[in-house]
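Everything on this sheet refers to the single structure shown next.
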Amino acid sequence: FIGKQFVIVYNKKQKDYDYVANILFSPDGKHLAYGAVRFRDRDQKETFIVFDGKEQKPYYEIAGIGNIYFWYILPQFSKDSKKFVYLAKDKNYNEILILNGKEIFKGFKVFNGQFTPNGDFAYIVAEPVENNYAGYNNYGRYNIRIFWDDKLQKEFKNVFLGDTREIILSPDGTKFAYFSYSDNTVYLNGKTCVRLDELLSKNEKIYETTK
């Protein structure tokens with residue numbers, strides 16, 4: 001990046017950084033948060049959230065800050081402005097979920113998340129089963145857990161995800177669904193919901209009978 005970047009709040013210039021992104025006001029307008037990057041040298045950087053003017057703990061990467069486009073949880077406030085959440089990675093590529101400044105999860109993969117109507121942050125965690133990549137029988141199988149804030153709500157063991165790229169969480173944070181490209185199947189809570197090849201076959205038969 002060329003030059004320094006900074007945020008201006010009520011005509012007052014804030015601190016200089018090498019990069020600034022994702023500027024957010026809380027719904028009630030009382031809080032301001034944004035992401036910032038500070039380069040220590042060419043190969044080292046600190047990425048962190050500035051919340052109400054105070055720098056939070058630095059991480060290797062934070063979703064939505066810089067060229068991090070492949071995560072599904074961006075920094076966000078709850079509708080009542082009481083909670084603020086964002087997703088980060090450390091240098092070992094562990095994914096870390098931070099809620100109101102507290103690390104509530106650290107592990108392999110946080111797939112998706114959102115605030116529920118009651119104000120809890122619901123999110124999906126996927127952990128590979130043992131020998132996930134060692135043999136065909138275990139390939140693409142994960143243990144799926146649904147959390148609300150830092151409390152485990154549901155657990156689904158040995159779920160086949162295949163080459164799934166995204167898991168969708170229901171608005172109330174109790175169910176999850178996804179599409180597996182490897183077998184062209186939509187799954188609900190880890191169980192087969194509909195196979196696209198069977199659905200297409202049925203549609204073709206209906207078409208043939210109505211011609």
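Filter the range 102-117 down to residues that are open to solvent by 60 Å² or more (accessible area, probe 1.4 Å) and at pLDDT 90 or above and give me whichever is farthest from residue 32 (Cα to Cα). Talk me through it step by step, then tell me what you get.
The first filter runs over the range 102-117 and keeps only residues open to solvent by 60 Å² or more (accessible area, probe 1.4 Å), leaving 102-103, 106, 108, 117.
Within this subset, residues satisfying the condition of being at pLDDT 90 or above are 102-103, 106, 117.
Working: 102: 18, 103: 20, 106: 25, 117: 23 Å.
For the range 102-117, the residue satisfying everything is 106.
Figure legend. Inter-residue proximity from the range 82-96: first residues among the small types (Gly, Ala, Ser), second residues not in a loop (DSSP other than H, G, I, E, B), beta-carbon distance below 6 Å, spacing 6+ or different chains. Indicated pairs: 88/59; 88/62; 88/96.
So which residues in the range 45-55 are part of a loop (DSSP other than H, G, I, E, B) and open to solvent by less than 60 Å² (accessible area, probe 1.4 Å)?
As a first pass, look at the range 45-55 and keep what is part of a loop (DSSP other than H, G, I, E, B): 52-53.
53 - this is the single residue of the range 45-55 that is part of a loop (DSSP other than H, G, I, E, B) and open to solvent by less than 60 Å² (accessible area, probe 1.4 Å).
If you go through the range 37-70 and pick out every residue that is among the aliphatic types (A, V, I, L, M) and modelled with pLDDT of 95 or more, you end up with 2. Of all residues in the range 33-46, those that are under 25 Å from residue 74 (Cβ atoms) and of a type in the set (A, V, I, L, M, F, W, C) have Cβ atoms under 9 Å from Cβ atoms of residues that are at pLDDT 90 or above and open to solvent by 90 Å² or more (accessible area, probe 1.4 Å), 6 or more apart or on another chain, in 33/23; 33/25; 36/15.
Looking at the range 1-24, which of the residues that are open to solvent by 60 Å² or more (accessible area, probe 1.4 Å) and among the aromatic types (Phe, Trp, Tyr) is farthest from the chain's Cα centre (by Cα)? The selected residue is 10. The requirement of being in contact (Cβ under 8 Å) with a residue 24 or more places away in the chain, open to solvent by less than 80 Å² (accessible area, probe 1.4 Å), part of a strand (DSSP E or B) and touching a strand residue (DSSP E or B) at 6+ places or on another chain (Cβ under 8 Å) is fulfilled nowhere in the range 63-75; no residue meets it. Annotation note: Cβ proximity below 9 Å between a residue of the range 1-26 that is under 22 Å from residue 77 (Cβ atoms) and a residue that is open to solvent by 90 Å² or more (accessible area, probe 1.4 Å) and among the aliphatic types (A, V, I, L, M) (sequence gap 6+ or interchain) occurs for 7/23; 14/8.
The values are calculated or read from the model by the stated rules, or taken from the named source; none is laboratory data. All figures in this text were calculated on a predicted structure; none of them were measured in a lab. FYI the Cβ positions are ideal-geometry reconstructions off the backbone, even for glycines, and counts take in every protein chain you see. Note: areas computed on protein heavy atoms with side chains; ligands, DNA, RNA excluded. Shrake-Rupley method; radii C 1.70, N 1.55, O 1.52, S 1.80 Å.
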